[in-house]
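Novice: I am attaching a structure below and will ask some questions about it afterwards.
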Amino acid sequence: MDGSHFPRRTARDAAELVDAGVLDPARKAEIDRVAQRYAVAVTPAILDAIDPAAPHDPMARQFVPSAAELATTPEERADPIGDAPHTPVKGITHRYPDRVLLKPTHACAVYCRFCFRREMVGPGGEALSPAELETALDYIRARPQIWEVILTGGDPLILSPRRLREIVAALDAIDHLGVIRIHTRVPVADPARITDDLVNALRADKAVYVALHANHPREFTEAARAACRRIVDAGIPMLSQSVLLKGVNDDPQTLEALLRTFVRNRIKPYYLHHADLAPGTSHFRTSIAEGQALMKNLRGRVSGLCQPTYILDIPGGHGKVPVGPSYLHRDGTVEDPWGGRHEYE
Ligand code: SF4
């Protein structure tokens, strides 16, 4: 983009998006209305990756608000995956016996326009106070069946290295935990935050995994690739999480390029999420049949290393299930990666 009006700071409202050159001034009034309802933040790294000349730029689509967000469809809900009924203490979501979510902050580096927690996240969102964090840790300490803690939010990697070090150390000291997993968009959204100090703060005796949320290969700028390298080189394995998004990655070529990009950067594709029923996001949702067709298309073209699991988080808090295509048919045949059918006794 034209660097002449590039602000080198995060754009947090319609006026700043106009100043940054990624929003047509004629759309400012409608985007002001969206910004009153949902948080807005587009970091310099993402502003830089947006092509304002492209009418349907997949980077802009993910981060620059659109008036379509003001339309909520009847099936959409404020808490699409049912976090609230599974929140025993503030900051903890406990849905499955052996793992919990721990949400130390509700703020993010960027606010994705399709976010499944868009009613909860935002700059004014509540971070856990030290006392609340201690209560959340006590909840984990008191339950030996909890084996894995997933730090999420918000985005935990916007916390200072000092704060992260304290949280990771507290979790590392809990005997019955085996795994600390960190869900983040920061390595692509704000790669400058991934300093050696921050990476060192994540080191623990327990297994630490970083799951990166990225949806389009163009999110992997040179700085983003370097940030991922810093994490992996520290011995911290990375996994991917992506959301299947109409107009962003719902075509075979983009999806293939995204998955190959993850693997080339030593990030194992983990989940491809079917888009949740978050309010004002119907313009992003594909059908499950479309998602299955995309997964089928990938099967014959990319290696198993590049294959994510296509997953649906059942609305209402009933958990995640794989919803990918089946290759076993009722007539007793099995389908090969190119569509041929074969008898299998
Ligand atoms: S980074 Fe994650 S939690 Fe934050 S807005 Fe994006 S999808 Fe939502």
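Novice: Roughly how many Å² of Asp250 are accessible to a 1.4 Å probe, to the nearest 10?
Specialist: Accessible area, nearest 10 Å²: 50 Å².
Novice: Specify which residue in the list Leu312, Tyr271, Ala39 is farthest towards the positive end of the charge dipole of the chain, using unit charges on the beta carbon of Lys, Arg (+1) and Asp, Glu (-1), about the Cα centre.
Specialist: Tyr271
Novice: Pick out, in residue order, every one of the chymotrypsin sites (Phe, Trp or Tyr not before Pro) in the stretch 275-345 that is DSSP loop and has at most 15 other C-beta atoms within 10 Å; say none if there are none.
Specialist: Passing both the DSSP loop test and the Cβ count: Tyr327, Trp338, Tyr344.
Novice: Let me ask something else. In whole Å, how far is the Cα centre of the stretch 157-230 from that of the stretch 1-76?
Specialist: 26 Å
Novice: In whole percent, and with a 1.4 Å probe on the protein chains, what portion of the accessible area of the chain is carbon and sulfur?
Specialist: 53 percent
Novice: Hey, another quick one. Remind me, what semi-axes does the stretch 89-237 give for its equivalent ellipsoid, largest first in whole Å, using sqrt of 5 times each Cα gyration tensor eigenvalue?
Specialist: For the stretch 89-237, the semi-axes come out at 24, 18, 13 Å.
Novice: For the stretch 54-153, what is the convex hull volume of its Cα atoms per residue in Å³?
Specialist: 120 Å³
Novice: Sticking with this one: With +1 on each Lys and Arg Cβ and -1 on each Asp and Glu Cβ, how big is the dipole of the chain about its Cα centre, in debye rounded to the nearest 20?
Specialist: 420 debye
Novice: Please state, as a whole number in µm²/s, the translational diffusion coefficient that the Stokes-Einstein equation yields for the chain at 20 °C and 1.002 mPa s, with Rh defined as the Kirkwood radius across alpha carbon pairs.
Specialist: Estimated diffusion coefficient is 102 µm²/s.
Novice: Figure the gain on full extension for Lys268 and Ser287 (residue separation times 0.36 nm, minus the Cα-Cα span) and round it to one decimal in nm.
Specialist: 4.3 nm
Novice: Still on this structure, please answer the following. Shape of the stretch 198-242 from its Cα gyration tensor (a ≥ b ≥ c, root eigenvalues): rounded if a/c is under 1.5, otherwise prolate when a/b > b/c, or oblate?
Specialist: oblate
Novice: For the stretch 1-72, count all C-alpha to C-alpha pairs, find those more than 21 Å apart, and express that count as a whole percent of the total.
Specialist: 15 percent
Novice: Quick one: grab the alpha carbon gyration tensor of the stretch 219-345, order the square roots of its eigenvalues as a ≥ b ≥ c, and give me rounded if a/c is under 1.5, else prolate or oblate depending on whether a/b is larger than b/c.
Specialist: oblate
Novice: Could you tell me whether the stretch 38-98 comes out rounded, prolate or oblate from its Cα gyration tensor? Rule is a ≥ b ≥ c as square roots of the eigenvalues, rounded for a/c under 1.5, then prolate if a/b exceeds b/c, otherwise oblate.
Specialist: The shape class here is prolate.
Novice: Another one. Beyond 22 Å, what percent of the Cα pairs of the stretch 148-301 remain?
Specialist: Of all Cα-Cα distances in the stretch 148-301, 43 percent exceed 22 Å.
The values are calculated or read from the model by the stated rules, or taken from the named source; none is laboratory data. The structure presented is a predicted model; accordingly, all values stated were derived computationally and were not measured. Neighbour counts run over all protein chains shown; Cβ positions are idealised from the backbone, glycine included. Please note that ligands, DNA and RNA were not included when accessible areas were found on the heavy atoms of the full protein model with its side chains. Shrake-Rupley method; radii C 1.70, N 1.55, O 1.52, S 1.80 Å.
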